[in-house]
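Okay, structure first, notes after.
Read the figures in this text as sums done on the coordinates, not as results from a lab. Just so it is clear, the structure is predicted and the values come from calculations on it, not from any experiment. Cβ: placed from backbone, ideal geometry, glycine included. Neighbour counts: every protein chain shown.
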């Protein structure tokens, strides 16, 4: 039994039926053009979709396969969007946000989103910091085995923390300075784990991705084993396709 329609994304161009995609619940994906906007959707078999890894991957795969098929400009819709029918889409999305959607299509035309996530090992970093900062190392060693007052504990803790923060900032600055000139727009996100020190998305001209990835690789080599870098060069532009409600 159908629970309505599940929406994946909006495209400025019609998508022919020859582009065969499979969506959630193994349902065939259809496209419908309304007022110059093409919506990708499939029949929803559930009223609400659990954000499981499998479902999230199915959702992203539909958009990525459409991009691979040449439909590169798109506005991805958030996971789990089930509506009653296309009439709902018109009244709740197209009528209130039509101009914003058109502006976003202009901004994203010929551009792609890439993201860089940087991780370090905080224990190794702390060790390296102690080795390179002799005065801090001496302070710490002098305090070992001594009964410390709360003020002393807080003081040494703050020193270590601020030095680690400086090291982190220095790394981030290198990535920012080297990669910013290649991007039209940058959005920094919150780190998702304790070991992640930088999480950033770039909007870049589509054809410049190889230059961008070479630059990321060169910075990676500069830092050697000190960092782990996760670079995603092919994703729907979630970060840059935000409607301000």
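A few notes on this one:
- Taking segment 48-74 and a reference point 7 angstrom along Cα→Cβ of residue 213, the backbone N atoms nearer than 15 Å belong to 68.
- In the chain, the longest principal axis of the Cα atoms and the axis of helix 122-132 are about 40 degrees apart.
- Sites residue 242 and residue 68, calculated FRET efficiency, Cβ-Cβ separation with R0 22 Å, nearest 0.05: 0.40
- Multiplying the residue separation of residue 182 and residue 17 by 0.36 nm and subtracting their alpha-carbon distance yields 55.8 nm.
- Here the Gaussian network model covers the chain, with springs between Cα atoms less than 10 Å apart; of 64, 125, 43, 125 fluctuates the most.
- Additional length obtainable on full extension of the chain from residue 126 to residue 45, 0.36 nm per residue less Cα span: 24.0 nm
- Simple spin-label estimate for residue 193 and residue 88 in nanometres, 7 Å along Cα-Cβ: 3.6 nm
- If you plug the beta carbon distance of residue 52 and residue 150 into 1/(1 + (r/R0)^6) with R0 = 51 Å, you get a FRET efficiency near 0.65.
- The chain: angle of helix 134-143 to the longest principal axis, Cα-based, in degrees nearest 10: 70 degrees
- Helix-derived mean residue ellipticity, 222 nm - over the chain, DSSP H n ≥ 4, -39500 (n - 2.57), to 500: -13000 deg cm²/dmol
- Centre separation in Å (Cα based) which lies between segment 1-45 and segment 227-245: 22 Å
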